[in-house]
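What follows is a set of notes on a single structure, which appears directly below.
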Amino acid sequence: MIVKPESDAEAIATWLDFLRHACDFRLSDLATKYDVRRPNLTTFISTKGKARAVRLDKARQVLFSLGMHPDGTLTPGLHRWRVSGEDMAGMLADVLDRSEVSWAALLELRHGRGYLMVRIGRLTSIFAELSESALDALQGTLRLRAWANPGLTYTRPGQDGDAMAQTLWMNPDDSTVLEHFEAIRSLRTVAHAAT
């Protein structure tokens, strides 16, 4: 699912909708923080920017605060997302397509869920917790991406790796998470490179 917006407003609304779910933000909190009426922000997002209920500069500001530019590229830093369902998995794949991915590791846990760890250049990373349906969607989709070969590692880390990945996900310190990215990525109890 490549986002090909007809307008800047549509792109901003589409990405805001994805990020509010992925980052688990309430629209009321974002509206309060940026002095926007919540119903207006909701209308802007639900109409994909067609109803200009929010000034574009305000919408860009909200999007930037969530770590993204209107073109779908990310701001520097660690982006922690919860991705559920095929639509969100498609949006995540779109973000990766717009990025210069250095490497990615898709970890499938024993209970059907998973994690996606991505390094984009030196300054940007994604750590995404994946629902079972998002993991299923990404397993096929990511292998078809040009950057994924050989940049994607697919791993079933086993019980110790499951615990390590889940502990890392729960750690609120971004610098610690980034320090351990390589260790998690290198888990290869059962692993193969994407083809």
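What follows draws every value from the coordinates through simple rules; no lab data is involved. Values in this document were obtained by computation on a predicted structure and should not be read as measured data. Cβ sites come from the backbone with ideal geometry, for glycine too, and all protein chains shown count toward neighbours.
Summary table
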{"item": "The stretch 1-66: trypsin sites (Lys or Arg not before Pro) in DSSP loop, at most 14 other beta carbons within 10 Å", "result": "26, 37, 50, 52, 55"}
{"item": "Kirkwood hydrodynamic radius (C-alpha pairs) into Stokes-Einstein, the stretch 62-117, 10 °C and 1.306 mPa s, D in µm²/s", "result": "126"}
{"item": "Per-residue [θ]222 nm for the chain (sum of -39500 (n - 2.57) over DSSP H runs n ≥ 4, rounded to 500)", "result": "-14000 deg cm²/dmol"}
{"item": "Percent antiparallel among DSSP beta bridges (both partners in the stretch 1-135, rounded to 5)", "result": "70"}
{"item": "Theoretical gain in end-to-end length, residue 82 to residue 178 [0.36 nm per residue, Cα-Cα removed]", "result": "32.8 nm"}
{"item": "Pair residue 42, residue 57: separation of 7 Å Cα→Cβ label points (nm)", "result": "2.7"}
{"item": "Added length on full extension, which subtracts the Cα-Cα distance from 0.36 nm per residue, residue 50 to residue 100", "result": "15.0 nm"}
{"item": "Neighbour-limited loop hits for trypsin sites (Lys or Arg not before Pro), the stretch 70-129 (at most 13 other Cβ within 10 Å; DSSP other than H, G, I, E, B)", "result": "110, 122"}
{"item": "Exposed-site-free run, longest, the chain (rule: GluC sites (Glu not before Pro); DSSP loop; at most 15 other C-beta within 10 Å)", "result": "101-195"}
{"item": "Two-decimal log10 I(q)/I(0) for the stretch 25-169, as the Debye equation yields it once each C-alpha is a single scatterer, q = 0.15, 0.22 Å⁻¹", "result": "-0.82, -1.32"}
